[in-house]
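Nothing in this text is a laboratory measurement; each read-out follows from the coordinates by a stated rule. Note that the structure is predicted; figures quoted are calculated from it, not measured. Note that we place each Cβ from the backbone using ideal geometry, even for glycine, and neighbour counts take in every protein chain shown.
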Amino acid sequence: MDSRIPRLRRKLARIPYTPNRSYSFGEERHEFRLGPRLTKGRADAFQAEHDVELPQPYRDFLTTMGGSGASPYYGLIPLEDCTLFTMNSRDDDATSNSRGFSRAYRPTRRGDLFLNVIERGCSDLVLIGITGPLTGRMLIGNADGFWGPNVSSAPDFLAWYERWLDHMAAGQDNGALELTSPQLRAHPIRQRLAHLP
């Protein structure tokens, strides 16, 4: 087990009770609770079925903390419901540099593989690199390429998850993680906009 797991458990348990913390988009769905841990056998079965190897920090989270629930956006997707994607190649004729993602059906060796691990809504994806140079890294993208992928500077899933917890506890804004600080929520313009029909 990764040595960061006990620290993440403590931080997650404190978040709902932290005064002046940030609001995390989608928190009302998961309420900062994790689902049951994934058994190692189920993780092994997923890897065998899809002919992939899950990045160890992500696998450690699933098997020692929880297999669904509390995370940025609407929550961690149970592994059996996660979908593999490949990044589309850039269209040379397009005026935009945005790149979308296509679902990867097994077996595939076309392009690097990414696993959609967190529900963000619509065609937006929160992915972890499974193969290629971005293995283990978290990125946010749009399946239809409406906006380009954003690769997190966090080196792995656990560092990315801890950044979310730390920024939330500190009451920080973080556009990439859709965290809204108490100061921004209290801004008069934002309050007026919230009351418009």
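Take every Cα pair under 8 Å whose residues are at least 6 apart in sequence, average their separation, divide by the length of the chain, and the relative contact order is 23 percent. Any idea which of Tyr161, Val117, Thr86 is furthest toward the positive side of the dipole for the chain, if Lys and Arg beta-carbons carry +1 and Asp and Glu beta-carbons -1? It is Tyr161. For the stretch 1-80, the set of GluC sites (Glu not before Pro) satisfying both a DSSP loop assignment and a count of at most 13 other C-beta atoms within 10 Å is given as Glu31, Glu53.
If every alpha-carbon in the stretch 122-189 counts as one equal scatterer, what log10 I(q)/I(0) does Debye give at q = 0.16, 0.23, 0.24, 0.26 1/Å? Evaluating at q = 0.16, 0.23, 0.24, 0.26 Å⁻¹ gives log10 I(q)/I(0) of -0.64, -1.02, -1.05, -1.12. For the stretch 1-85, applying the loop criterion from DSSP together with a ceiling of 13 other beta carbons within 10 Å to the trypsin sites (Lys or Arg not before Pro) yields Arg33. Determine which residues of the stretch 1-28 fall in the zone a paramagnetic label at Asp166 would reach in this model, i.e. backbone nitrogen under 17 Å from the point 7 Å along Cα→Cβ. Residues 3-15, 22 qualify, since their backbone N sits under 17 Å from the label point.
Here the chain is assigned +1 on the Cβ of each Lys and Arg and -1 on the Cβ of each Asp and Glu. Its dipole about the Cα centre then comes out at about 680 debye.
Adding -39500 (n - 2.57) for every DSSP H run of four residues or longer, then dividing by how many residues the chain holds, sets the calculated 222 nm ellipticity at -8000 deg cm²/dmol. Sorting the Cα pairs of the stretch 3-193 by distance into bins of 5 Å, from 0 upward, gives 1, 8, 15, 20, 19, 16, 10, 6, 3, 1, 0 percent per bin. Where both bridge residues fall in the stretch 3-193, DSSP classifies roughly 95% of the beta bridges as antiparallel.
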